[in-house]
Each structure stands twice: as C-alpha cells, then as structure tokens.
Amino acid sequence: MLCLGIETSCDETAVALCDDGRPLLEKLASQIKLHALFGGVVPELASREHLRRMGPLLDALFREAGLGLADVDAVAVARGPGLLGSLLIGLAVAKGLALAAGKPLIGVDHLHAHLLAATLGREVAYPALGLLVSGGHTQIVLLRSPLDLTVLGRTVDDAAGEAFDKAAKSLNLPYPGGVFVDRLGAGIEPDRALFPRPNLENTHLDFSFSGLKTAVATHVARHPGLRLAVMPAPDGPVDAAAWPLDLRRVCSSLNFAVADTLRVKMERALDGLDVPAVSILAAGGVAANSRIRAMLEALGARRGLPCFLPEPALCADNATMIAAAGCLLGRAGLTHDLALDAVPRGRKVPWDYQAGPPLGRGSVDRRSKPQ
C-alpha cells in the first residue's frame, strides 16, 4: 500500500510517501528561522507559510519519487492535535487531493503517529510503554498493539519541551531553546539539587513542568550574569566548551531535572501495569534530548526491556510518520470521509474511523530517489 502523508500540525510543512510502512521519500520545509525572530511559533505566520510551501513540496516529492498521485492508494493527513489554522491547511490539501483522485482519506492522530515513528523498520513486541515528550505534550501511553493505545498520564500544564524553551529564553538562548540547553549541558555534571523534580509527591502519572520553568527563571533573575548579553544565532555553530561553565551547569541541571522526573513516572507506570510491558518506546521532539535518551536506555537495561528510540530526524514533526501511520490504518480498513475535521491542541482526537475492507494492492517495487 502506497500512502501519501501530509503534516502541518505546527511549524513544519512536510509531505512523504511510504509503501506498506517503508519510508520512500520525504520533503520538508522548516519554519524555525521565521519563528525564531519572535521567540516562538506565531500561528498566523505558520498557516501562511504552510500554504506557500505545500504546492512546491508536493511537486518535488512526486517528481523525485518518479510517481504520481494516481499511484497512491490513500492520502493520510495529521488532523490534530495542533494549531488549528495550520491543521486546516493540511486538511484542505488532503481532502482536495483525495477528492480529485478518488483516493481514500485517512485522518491521523499526530501523537499516535509520533509513537509509531519509534517502531519504523523494527520488530516491536507488545504491550509497550510509550513516552511522548514534545513542545506541546508530555504523556505516558500504554500500547497494547499498534492500534490500541491508552493514555496513562499527561501534563496538566506546561509540557517538557515548553519548559526547556521558556527556560532557554530566560538565559537569552534562541528558539528553539531545548536544542541549545541539551548541547550546552552535555558532559557537565549537574547540580541535582538546583532545580525541583516537579509533581512527584503523589501516586499518579500526570506531569507538571510550569514550576520547573519558573524555578529556572527565578534562579536566573537572582544570578543575572547567567543571562547572555547577546542572543546567539539560532543556526550558528555551538562550541560548548567556549561557553561559561556556570551557564552550562544550569543547562545540565535542567536536563537532569526533566529527565529524572520522566524516569520516576516511567518507573511508576511500569510497576503499576496489570499486564507487564515487554518494550519501551519514546517519541516527540524532546526524545532527541541526549540525557533523556540515555535515561530511557538505562531504564530499559535495568528492566531487561528493549528500548526503541526514533532517529533524531523522526523525533521532530515529519510526514513520514503520518504516511506510515496511514499505511497501518489503511491496511486495517480504517478511513474517513470528507467530513473529517481538525482537532486543536487541548482536545482529544476521536477514534471515529469508518471500517471497511483493507486498502492496498500489496507491496510493489516502486522507484524512489534519495533526497
């Protein structure tokens, strides 16, 4: 089954082709430089940029893959959660293509697709315990199968990625700040008592990172020398060794506080499952953080569980994960009609698929070219 995937949930415009879950080609346009000017994503600008980039990206995708829309078995699109205006652009394009070509339409839960990205090209045993960490979401999810998910815990305010970015802003680091915090903190022993590990004095699995964000801002206010006088270029080289040690220790301590909070909740989830998990998954943009990846690998080693982490390119928003999820759903005969709606952040994405016969003609040899 050949599936076209479309991703516009936030500030990445991406299109991709997957054949029975096997990635063929992706085209992606990042908006980081545009939004870095404002210190964060500006929704209206993101929507306009999706509209500007979508046509050329689709043309390039099909041209380089040596394929056309007629070759596609289904069109999959991220329907949410995300920025409503951005989602509507992707949804309108997907509906137009599906209607014009007479192809099935498949709406994909953006968060579900993130978790499945960790399984691409791998044999994963279930049930699996998944950790989703990104700029807008922090969740612990039980996957009884690739299509059977239950959220066990979620953030009640700020997500881990938002805490990273807002803390970085306190230090006058550029957006997205989590990348800088990770690089600058690498190799530095953290002060484990400097920042709180939030929301652990309880028995549940929910997260809260707003207090940690405030703790960093308060610490920087008390030590104004930590704040950089001039913000570095967002895409410039980072020679971590050339930066002040006090600043690097703050970054390392923040990395530790987030990673250890995630560890405690994951340990708690593993201990509380009725049926033991046999795998660990992680996904989302913050899953590229080196300390969090090391924590998860160590957790898996202690528990004797394989730990599946997506490659860094698949941690961030991408269309490959949407197309791969579309293949999985299409093979199960799960589709939508043109009444499919977008689901903004803060609302649960419904499981409202229409059941029908499995899609696809079986895996075939399709031409593709490297990007």
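One way to sum up the overall shape of segment 38-182 is the equivalent ellipsoid from its Cα gyration tensor, whose semi-axes run 29, 24, 14 Å, largest first. The angle between the Cα long axis of helix 84-101 and the longest principal axis of the Cα atoms of the chain comes to about 20 degrees, rounded to the nearest 10.
Taking 17 Å as the straight-line reach from the Cα of Lys169, the aspartates and glutamates in range (excluding those fewer than 8 positions away in the same chain) are Asp158, Asp182, Asp235, Asp246.
Give me the orientation-averaged projected area of the Cα convex hull of segment 260-371, in nm², one decimal. Let's see the in-between values first.
Details: hull surface 43.6 nm².
Taking the Cα atoms of segment 260-371, their convex hull projects to 10.9 nm² on average.
Rg of the Cα atoms in segment 92-143, relative to 2.2 N^0.38 Å, amounts to 1.51. Our note on the geometry: Cα centres of segment 1-31 and segment 75-144, 11 Å apart. Determine the percent antiparallel among the DSSP beta bridges restricted to the chain, to the nearest 5. Counting DSSP beta bridges with both partners in the chain, the antiparallel share is about 65 percent. Output the 0 to 90 degree angle, nearest 10, between the alpha-carbon long axis of helix 210-222 and the longest principal axis computed from the alpha carbons of the chain. The angle comes out at about 40 degrees.
What's the carbon and sulfur percent of the chain's accessible surface, probe 1.4 angstrom, rounded to a whole number?
Details: 8580 of 15460 Å².
Ligands and nucleic acids excluded, carbon and sulfur give 56 percent.
Computed with the Debye formula from one identical point scatterer per Cα of segment 126-309, without solvent, the log10 of I(q)/I(0) at q = 0.11 Å⁻¹ comes to -0.47.
Stick to the Cα atoms of the chain, pair each with every other, and give me the Kirkwood hydrodynamic radius in Å at one decimal.
On the way: mean 1/r = 0.0473 Å⁻¹.
Evaluated on the chain, it is 21.2 Å.
Compare His114, His204, His137 in a GNM of the chain, Cα atoms joined below 10 Å, and give the one with the largest fluctuation. Of His114, His204, His137, the most mobile in the Gaussian network model is His204.
Each Lys and Arg Cβ is given +1 and each Asp and Glu Cβ -1; about its Cα centre, the chain then shows a dipole of about 320 debye.
State which stretch of the chain is the longest one without any exposed GluC sites (Glu not before Pro), exposure meaning a DSSP loop state and at most 15 other Cβ atoms within 10 Å. Result for the longest clean stretch: 202-371.
Using only C-alpha atoms and all pairs of different ones, pull out the Kirkwood radius for segment 6-86 in Å with one decimal.
Details: mean 1/r = 0.0741 Å⁻¹.
Evaluated on segment 6-86, it is 13.5 Å.
In what order, largest first, do Thr13, Thr155 sit by accessible area if the probe radius is 1.4 Å? The partial results should precede the final answer.
Values: Thr13 0, Thr155 25 Å².
Correct descending sequence by accessible area is Thr155, Thr13.
Give the percent of DSSP beta bridges with both residues in segment 126-309 that are antiparallel, rounded to the nearest 5. It would help to have the intermediate numbers written out before the result.
Values: 12 of 20 bridges.
Just about 60 percent of them are antiparallel.
In segment 126-309, Cα pairs under 8 Å separated by at least six residues give a relative contact order of 29 percent.
The values are calculated or read from the model by the stated rules, or taken from the named source; none is laboratory data. From a predicted model like this one, the values you see are computed outputs, not experimental measurements. Cβ coordinates were reconstructed from backbone atoms using ideal geometry, including for glycine residues, and neighbour counts include every protein chain displayed. All accessible areas refer to the heavy atoms of the entire protein, side chains included, with ligands and DNA or RNA removed. Shrake-Rupley method; radii C 1.70, N 1.55, O 1.52, S 1.80 Å.
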